[in-house]
1. Looking at SER229 and the list (1) open to solvent by 10 Å² or more (accessible area, probe 1.4 Å); (2) more than 15 Å from the ligand (Cβ to nearest atom); (3) within 30 Å of SER54 (Cβ to Cβ), which single condition is not satisfied?
2. Name the one entry in SER87, SER42 that is at negative phi, hydroxyl-bearing (Ser, Thr, Tyr) and open to solvent by 70 Å² or more (accessible area, probe 1.4 Å).
3. Taking region 192-212 only, how many residues are open to solvent by less than 50 Å² (accessible area, probe 1.4 Å) and in contact (Cβ under 8 Å) with a residue 60 or more places away in the chain?
4. Which members of region 62-77 meet the condition of being open to solvent by less than 20 Å² (accessible area, probe 1.4 Å) and either at pLDDT below 95 or outside any helix (DSSP H, G or I) (or both)?
5. Counting just the residues of region 79-106 that are of a type in the set (Val, Ile, Thr) and either part of a strand (DSSP E or B) or out of contact with any helix residue (DSSP H, G or I) (no Cβ under 6 Å at 6 or more places or on another chain) (or both), which one comes out farthest from ARG49 (Cα to Cα)?
6. Would you pick out the residues in region 113-172 that are open to solvent by 10 Å² or more (accessible area, probe 1.4 Å), of a type in the set (S, T, N, Q) and closer than 21 Å to PRO290 by Cβ?
7. Taking GLY185 as the residue in question, decide whether it is touching a residue at least 24 places away in the same chain (Cβ under 8 Å), open to solvent by 20 Å² or more (accessible area, probe 1.4 Å) and either among the acidic types (Asp, Glu) or in contact with a helix residue (DSSP H, G or I) (Cβ under 8 Å, 6 or more places away or on another chain) (or both).
8. Can you list residue pairs whose Cβ atoms sit under 8 Å apart, with the first residue in region 42-57 being free of Cβ contacts under 8 Å to residues at least 60 places away in the same chain and the second being surrounded by 15 or more Cβ atoms within 10 Å (Cβ to Cβ)? Count only pairs 6 or more apart in sequence or on different chains.
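The values are calculated or read from the model by the stated rules, or taken from the named source; none is laboratory data. No experiment lies behind these values; they were computed from the predicted model shown. Cβ atoms come from the backbone with ideal geometry, glycine included; neighbour counts cover every protein chain shown. Accessible surface areas use protein heavy atoms only, side chains included; no ligands, DNA or RNA. Shrake-Rupley method; radii C 1.70, N 1.55, O 1.52, S 1.80 Å.
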Amino acid sequence: MKPRMTSPMISRRTALLAGAALPLAAALPATPARAAAGMLGSAAPQFNRFKLGSFEVTALLAGTRTVDNPNEIFGLNASADEFKAASDAAFIPTDKAQFFFTPTVVNTGTELVLFDTGLAAAGITGALAAAGYTPDQVDVVVLTHMHGDHIGGMVGEDGSATFANARYVTGAIEHNHWSGTDNEGFAKNVVPMNDRFTFLDDGGSVTGGITAMAAFGHTPGHMTYMLESDGQRLALIADATNHYVWSLAHPDWEVRFDMDKAAAAATRRSLLGMLAADRVPFIGYHMPFPAMGFVETRGEGFHYVPSSYQMMLNG
Ligand SMILES: [Zn+2]
């Protein structure tokens, strides 16, 4: 009985489905097997632009690379267990880290101001081109400090100035320090431009709305900068913190690249404390691209809150 009652329903449904499928099947020619679309390789955006008051700010990814054994760079005074716990808590591995190199270019409306120049000329000129700028449009190059990953784009392979029309600004203490050393990168990238430099100290102004803030320790005269336009602020903190987890959660962890480790830790605490208290967004040169976020206090240290759409609301 049951088969007899159900079988007509099944056969009617089957017929309906078959009928529905027929036009489509009829429309499709018999196609030979095709390969899937080709693999294109990893890709990442090269620039991120937003308005800050009447400024236009563009973060530029001038380079990125994977580095092994980051525990040999960060947390030199932390145990392996502490390093693993901090990494686990942030869902990042302990055996590798991704490094980012993020110069920032600011169009104030009257000048194009570039902060740092990356590892090599090709990286910064490529990122500028992606963002719609040519190197000869840059009016001012600001160097936060003289490490190779910040001054490496100053001159091309042939030794010519990458930014042919720029004036240069850096911290007086920083320039004085490196002038007294025998440093190859400084000699190659900075010394040839010495007569086009002006120097500033804590509180000095690059141009209207761009103010230097001393942040010594990473290097002797390392400077950060506060941008302010129409009441909106953004800090460019360069290498005051070099990793979004290890340097923020544990500001006292020693970093191999910090020349004065105690001073660098004190600077991190005071700068991050200010950013957290004032809720000021920042771009960190080595934060994961687009390298922009906020700081909140957490436990004995701080926590990085990546920017989402806040700046997109600026128009
Ligand atoms: Zn750096």
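1. (1)
2. Values: SER87 fails: open to solvent by 70 Å² or more (accessible area, probe 1.4 Å).
One residue alone meets the criteria, SER42.
3. Count: 4.
4. Across region 62-77, the qualifying residues are ALA62, GLY63, ILE73, PHE74, GLY75.
5. Of everything passing the filter in region 79-106, ILE92 is farthest from ARG49 (Cα to Cα).
6. Of everything in region 113-172, just one residue is open to solvent by 10 Å² or more (accessible area, probe 1.4 Å), of a type in the set (S, T, N, Q) and closer than 21 Å to PRO290 by Cβ, namely THR125.
7. yes
8. Going by the 8 Å Cβ cut-off, the qualifying pairs are GLU56/ARG49; GLU56/PHE50; GLU56/VAL106; GLU56/ASN107.
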